[in-house]
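Trainee: Encoded as structure tokens, here's the structure I'll be asking about.
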Amino acid sequence: MKHLLLLPLCFLTIFVFAQKKNSGYQLHIHKTSLPIKIDGELNEQAWKDAAVADNFFMVLPMDTSHAKVKTSVRMTYDAQNIYIIAVCYLTKQAPYMVESLRRDFSFGKNDNFIFFIDPFDDRTNGFTFGANAAGAQWDGSLYSGGSADLSWDNKWVSVVKNYPDKWIFEAAIPFKTIRYKKGITQWGINFSRLDIKEAEKSSWTPIPRQFPTASLAYTGTLIWDEAPPEAGANISVIPYVLGGLTKDYDAKKPTTYRKDIGADAKIALSSSLNLDLTVNPDFSQVEVDKQVTNLDRYELFFPEKRQFFLENADLFANFGYTNIRPFFSRRIGLGVPISYGARLSGSIDKNWRIGVMDMKTKSQDETGLPAQNFTVLALQRRLFARSNIRFMFVNKQSVNYQPGKDSTKPVYSLYNRNLGIEYNLASVNNAFTGKAMMLKSFSPGKSTGDFVHAANLLYTGKKWMLAWQHEIVGKSYNAEVGYVPRNNYIKINPQIGYNFFPNRKGKVLSHGPLLSSTYFFNTKFHQTDNETYLDYKISLRNQSVFDAWVAHDYVELLKPFDPTNSGKDSLQTGSKHSWDAWGTSYTSKPQKLFTYAFSTRYGGYYANGTRLNLTTDLGYRFQPFVNITLSASYNRIALPKPWGVTNFWLIGPRIDVTLTNTFFFTAFVQYNNQQKNVNVNTRLQWRYKPASDFYIVYTDNYYTAPLFIRNRALVLKFTYWWSM
């Protein structure tokens, strides 16, 4: 018995301490004193002297052989930049497949070359750069072992040049652009290639097909001939000037004219630690959120898009789970101006990362909202090979405010604080991932029921997927700077999935079922919700995907709820509802200029009603300059009186014009009859220098019927990235 008890411990030891999977794949990088011109030509002597990474492995459609399409990569560096050149050979002469020249393109819809660097070789955090075959750039930060945040944007240059039998990507990335630890001579690195015509994704190092090529657990090793040079003085100031006008037709107010100036600053305290400062920031150029038809009982989530909050965002934003986030940066500065802010983030060494943020917002006289201060501290310590433990503290404090002093204005909280700790598990080969966390909130007058505990464990194999997650959220838990749409519940969510791989080389690549069941209980273990979901997915070799599913839902309402969210009436607290539904979805192969996807849902709904949902996404590209898409969603909800039959339409045509990879024009319309709104948004962006932009943004909002204007805005904004 004693020996049996030792088996799990032995397994865990191997599980967390095992050597890096692909450490034997090594690329040596040597310093050059020879000039390199970024022109997409493999003709400099420095490239002829550089070591070559080639003989890529196929990842998709199967991971059992070397790639059909050939790719070779060389790297070198000097005192200022890392240089990379990738030769992407073609199996046959044919036009490349790309969406457009839009930056941070959709990976699966573009022939592309992308690479991933792990400057601390910790297999957890890093950066990604690359381009599609037409030259559109891709850059982002990597977190949680290989998830990419493409909102991260920085200064670097690249060129793509096309030839009859290949295309070549060449780039120079300044050392000042990335974060790395002084003195480290081995980085994690990998290279990824997607060739849509061959329906093949490949990687320099072998990667199991169930994982993305961005998985830092499977990087090879970049070996420097000497430690990379220090970036030196690295201070950037990014001022902006803005002019614009807005007019509120609803309130019949006169036109308001805007004249604003402000600035951001980025100060590298070390090659791996950065201080960001902002004064009077403006985010008017950020694209408006994509609307959805809201049939949910709880608040919807929309991602952060503002540049200031994005570098090392995982330190702050990824604490917790999808619906348990003690910190959500969109709570800061939306609807109320930000006066100033500071953010320190990055790595102290290979084992420690830190994030500290302090933001101050202005007061609003008309609503009585006081000035508020937001402080966030995140500290992360690496454990074992790829796991870590993380601590977070969040504080929201009203400044010079006495709640209830002015009886004519709403009452706001004096403070709200959250304290949390979590352990993030990631095995060496990425097969096991998970986390366990504890949170406590502090608010005036509340001292019990303000705890959260949650944990999950996920196994991802080539054939099997097994998962468990549970959450316990107290009745009084409060995260005013977070995203926690629901409290006072216990949640249990087991999942199991399996993939079949046919032996013959037919059209079907893989197929298999996924079973998931989610249970919600109150704190007395009385069941209030359940959704059991069975899906069968078929993946074809041409990269198209078909799904069919059935589901059973049960809901006991904990508060009144309008099942149409249209204000007609509400179902009562305590009423019980159950229904069955089924649906399908299909995504077409990306090799065609015309692509499409659709989904269907039909079945029961609240109050013994029925719901039909049809969605479609259509796209056509005049590559590489114009990409036209149309998204549409239709919901037909049939309920007893007073609701009757309700029809919701959400239609969103969009056009992207990319004349070059530095000049972009986007225009889209969102028709949403649930919100009785038609939104028109156009944005012209000219990147006249790396990371320096000129924007013209025009926005209209209309009522749906009759089509009457609600408000209108025009903004001109000029930013300049000044490196000192």
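No lab work stands behind these numbers, since they all come straight from the coordinates. Worth saying up front: this structure is predicted, and the values here are computed from it rather than measured. Positions of Cβ are generated from backbone atoms using ideal geometry, with glycine treated the same way; all protein chains shown enter the neighbour counts.
Trainee: What translational diffusion coefficient, to the nearest whole µm²/s, does the range 70-178 have by Stokes-Einstein, given a Kirkwood radius computed over alpha-carbon pairs, a temperature of 37 °C and 0.692 mPa s viscosity? Intermediate values should be presented prior to the final figure.
Mentor: Numbers: Rh = 14.5 Å.
D = 227 µm²/s.
Trainee: A further question follows. May I ask you to derive the FRET efficiency for residue 30 and residue 688 from their Cβ-Cβ distance with R0 = 30 Å, giving the value to the nearest 0.05? If you can, show how the numbers build up before the last one.
Mentor: Numbers: r = 35 Å, r/R0 = 1.16.
For residue 30 and residue 688, the calculated efficiency is 0.30.
Trainee: How large is the helix-only mean residue ellipticity at 222 nm for the chain, computed as the sum of -39500 (n - 2.57) over DSSP H runs with n ≥ 4, divided by its residue count, in deg cm²/dmol to the nearest 500? Display every interim value, and only then the final one.
Mentor: Values: 3 runs with 26 residues, N = 724.
The per-residue figure over the chain is -1000 deg cm²/dmol.
Trainee: Next question. Report the gain in length on full extension from residue 364 to residue 724: 0.36 nm times residue separation, minus Cα-Cα distance, nm rounded to one decimal. Intermediate results must be reported in sequence, preceding the final value.
Mentor: On the way: separation 360, 0.36 × 360 = 129.60 nm, distance 3.66 nm.
Difference between extended and current length: 125.9 nm.
Trainee: From Cα pairs below 8 angstrom and at least 6 apart in sequence, can you work out the relative contact order of the chain, rounded to a whole percent? Can you show the working numbers first?
Mentor: Numbers: 1953 pairs, mean separation 73.1, N = 724.
Reported as a whole number, the value is 10 percent.
Trainee: In angstroms, what radius of gyration and Dmax does the range 22-224 have, counting Cα atoms only?
Mentor: 15.4, 45
Trainee: Using every Cα-Cα pair within the range 503-552, state what percent have a distance larger than 15 Å. Please report the intermediate quantities before stating the final value.
Mentor: Details: 721 of 1225 pairs.
Result for the distance tail: 59 percent.
Trainee: Moving to a separate point now. Full extension from residue 586 to residue 389: what is 0.36 nm times the residue separation minus their Cα-Cα distance, to one decimal in nm? Kindly include the intermediate steps, with their values, before the conclusion.
Mentor: Details: separation 197, 0.36 × 197 = 70.92 nm, distance 3.97 nm.
Difference between extended and current length: 67.0 nm.
Trainee: Continuing with this model, one more query. Give the calculated FRET efficiency between residue 634 and residue 334 to the nearest 0.05, with a Förster radius of 41 Å applied to their Cβ-Cβ distance. All intermediate terms of the calculation are to be shown ahead of the outcome.
Mentor: Values: r = 30 Å, r/R0 = 0.73.
Approximately 0.85, to the nearest 0.05.
Trainee: Separate question: Relative to a virtual label point 7 Å from the Cα of residue 597 in the Cα→beta-carbon direction, which members of the range 536-579 show backbone nitrogen distances below 20 Å?
Mentor: Residues 536-550 fall inside that zone.
Trainee: For the range 550-616, what is Rg from Cα atoms divided by 2.2 N^0.38 Å, rounded to two decimals? Could you put the intermediate results ahead of the total?
Mentor: Numbers: Rg = 16.4 Å, N = 67, 2.2 N^0.38 = 10.9 Å.
Here the answer is 1.51, to two decimals.
Trainee: The range 478-512 to the range 240-278: how many Å between their Cα centroids?
Mentor: 39 Å
Trainee: Label residue 224 and residue 414 with points 7 Å out from Cα along Cα→Cβ: what is the distance between them in nm?
Mentor: A separation of 5.2 nm, rounded to one decimal place.
Trainee: In whole angstrom, and with the biggest value first, how far do the Cα coordinates of the range 235-328 range along each principal axis?
Mentor: 52, 40, 18 Å, listed from the longest principal axis down.
Trainee: Quick one: Karplus J couplings for the range 695-710, per residue in order, coefficients 6.51, -1.76, 1.60, θ = phi - 60°, nearest Hz, x for Gly and Pro?
Mentor: 10, 10, 10, 10, 9, 10, 10, 10, 6, 6, 8, x, 6, 10, 5, 9
Trainee: Something else now. Considering just Cα atoms, how many Å³ per residue does the convex hull of the range 519-640 enclose?
Mentor: Details: hull volume 17.4 nm³, N = 122.
Enclosed volume per residue, from the Cα hull, is 143 Å³.
Trainee: Taking the range 630-724, which chymotrypsin sites (Phe, Trp or Tyr not before Pro) meet the DSSP loop condition and have no more than 11 other C-beta atoms within 10 Å? List each step's numbers first, then the result.
Mentor: On the way: sites: 634, 643, 648, 649, 663, 664, 665, 668, 671, 686, 688, 694, 695, 698, 702, 703, 708, 718, 720, 721, 722; in loops: 643, 703, 708, 720, 721.
Here the sparse-neighbourhood loop sites are 708.
Trainee: Let me ask something else. Using a Debye calculation, one point per C-alpha and no hydration shell, please list log10 I(q)/I(0) for the range 417-498 at q = 0.13, 0.16, 0.20 Å⁻¹ in order.
Mentor: Each listed q maps to, in turn, -0.50, -0.68, -0.89.
Trainee: Normalised by the number of residues in the range 556-618, what is the relative contact order in percent for Cα pairs under 8 Å and 6+ residues apart?
Mentor: Working: 106 pairs, mean separation 16.2, N = 63.
With pairs under 8 Å counted, the relative contact order is 26 percent.
Trainee: How high is the FRET efficiency from residue 625 to residue 157, r the C-beta distance, R0 22 Å, rounded to 0.05? Please report the intermediate quantities before stating the final value.
Mentor: Details: r = 21 Å, r/R0 = 0.97.
After rounding, the FRET efficiency stands at 0.55.
Trainee: Can I ask one more? Tell me, how many Å apart are the Cα centres for the range 30-54 and for the range 354-415?
Mentor: Each part's Cα centre sits 50 Å from the other's.
Trainee: Here is a further query. Given that just one value was derived from the coordinates, which of (1) 1.10; (2) 0.95; (3) 1.01 is Rg/Rh (Cα atoms, Kirkwood Rh)?
Mentor: (2)
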